[in-house]
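Inspection log for the structure reproduced underneath, given as structure tokens.
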Amino acid sequence: NRSSILDFGSGNGAFIFYFIKKFFLKKNLSLEISQPLLKFQKSFIFNTKFVNTHKTRINNLKYLEDKTFDYSYCNSVFQYFVNDKYAKSVLHFLIKVTKKRIIIYDIKNFNKKKQYQETVAKRQNLSINEYRKKYKDTPIKFYKKSFFIKILRSFKNRHNFNYKFKALPPGAIDSKFGYCLIISKKN
């Protein structure tokens, strides 16, 4: 009952709602870029503050104290970040405000980019060119694990944590094209 969660890129609120209900979490934060989705969340999620984020900066979140939330969660969000600098700033922000554990779920694997694009194109009955044209305004970002390792090592001197990469559950859609990053803070 004393735990809290931050959901970065909360979308329609399904995950934060589930965690709040299942674990009776208090003092939660839902961060989302879409104002209509935040409005929708407010209609059924309680014990939560809702903040509209920006796609290129997180300066409006600097007011949050270190270790404000017990847990932080991102689901299929990093793939939509505009650049590596923003991804790094979000990662540092999550490490700063989280007490116990951060789960970044469904990071698109750079080494599987071509297979992912071919699979999605085929699923949608598109050629690769049609796929690229369709998604040119919402490009999906792929990451090498080394990208995260380099950033995490640079934060280690200021924060005490362990990290590991995990495969996505086999039943998850497109699980073979992504991975999870789990960061556990040491007390």
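Could you grab me the full set of residues in segment 162-182 that are in contact with a helix residue (DSSP H, G or I) (Cβ under 8 Å, 6 or more places away or on another chain), farther than 17 Å from SER89 by Cβ and of a type in the set (A, V, I, L, M, F, W, C)? Passing the criteria: PHE165, ALA167, LEU168, PHE177.
When restricted to residues that are open to solvent by 60 Å² or more (accessible area, probe 1.4 Å) and either free of Cβ contacts under 8 Å to residues at least 40 places away in the same chain or among the hydrophobic types (A, V, I, L, M, F, W, C) (or both), segment 75-85 contains 3.
Check whether at least one residue in segment 153-169 is more than 22 Å from THR53 (Cα to Cα), part of a loop (DSSP other than H, G, I, E, B) and charged (D, E, K, R), and report yes or no.
To start, the set of residues in segment 153-169 that are more than 22 Å from THR53 (Cα to Cα) comprises 153-169.
Among the residues that remain, those that are also part of a loop (DSSP other than H, G, I, E, B) are: 156-160, 168-169.
Subset that is charged (D, E, K, R): 156, 158.
Looking through segment 153-169, at least one residue is more than 22 Å from THR53 (Cα to Cα), part of a loop (DSSP other than H, G, I, E, B) and charged (D, E, K, R).
Candidates are the residues of segment 172-187 that are part of a loop (DSSP other than H, G, I, E, B) and not polar (S, T, N, Q); the one that is surrounded by the most Cβ atoms within 10 Å (Cβ to Cβ) is ASP174.
Matching residues to (1) surrounded by fewer than 19 Cβ atoms within 10 Å (Cβ to Cβ); (2) under 20 Å from ASN162 (Cα atoms):
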position: LYS49; (1), (2): yes, no
position: LYS55; (1), (2): yes, no
position: TYR63; (1), (2): yes, no
position: PHE69; (1), (2): no, yes
position: TYR73; (1), (2): no, yes
position: ALA87; (1), (2): no, yes
position: HIS92; (1), (2): yes, yes
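Please verify whether segment 123-141 includes one or more residues that are in contact (Cβ under 8 Å) with a residue 40 or more places away in the chain, in a strand (DSSP E or B), touching a helix residue (DSSP H, G or I) at 6+ places or on another chain (Cβ under 7 Å) and open to solvent by less than 40 Å² (accessible area, probe 1.4 Å). Among the residues of segment 123-141, not one is in contact (Cβ under 8 Å) with a residue 40 or more places away in the chain, in a strand (DSSP E or B), touching a helix residue (DSSP H, G or I) at 6+ places or on another chain (Cβ under 7 Å) and open to solvent by less than 40 Å² (accessible area, probe 1.4 Å), which makes the answer no. When the residues of segment 16-36 are filtered to those that are open to solvent by less than 90 Å² (accessible area, probe 1.4 Å) and among the aromatic types (Phe, Trp, Tyr), the one that is farthest from LYS49 (Cα to Cα) is PHE19. Restricted to segment 1-15, and to residues there that are at pLDDT below 95 and loosely packed, with under 15 Cβ neighbours inside 10 Å, the residue that is nearest to ASP66 (Cα to Cα) is ARG2.
Across segment 148-171, the qualifying residues are those that are aliphatic (A, V, I, L, M) and open to solvent by 30 Å² or more (accessible area, probe 1.4 Å), and the one among them that is nearest to PHE69 (Cα to Cα) is ILE149.
Take the conditions under 28 Å from TYR63 (Cα atoms) and surrounded by 13 or more Cβ atoms within 10 Å (Cβ to Cβ) and apply them to VAL120. Does it pass? So VAL120 does not fit the description; no. All of LYS113, LYS108 fail the test of being surrounded by 12 or more Cβ atoms within 10 Å (Cβ to Cβ), more than 25 Å from HIS54 (Cβ to Cβ) and not aliphatic (A, V, I, L, M), apart from LYS113.
The values are calculated or read from the model by the stated rules, or taken from the named source; none is laboratory data. Keep in mind that what you see is a predicted model, and the values were worked out from it rather than measured. All Cβ positions, glycine included, derive from the backbone under ideal geometry; neighbour counts span all protein chains shown. Just so you know, the surface numbers come from the protein's heavy atoms only, side chains and all, with ligands and any DNA or RNA stripped out. Shrake-Rupley method; radii C 1.70, N 1.55, O 1.52, S 1.80 Å.
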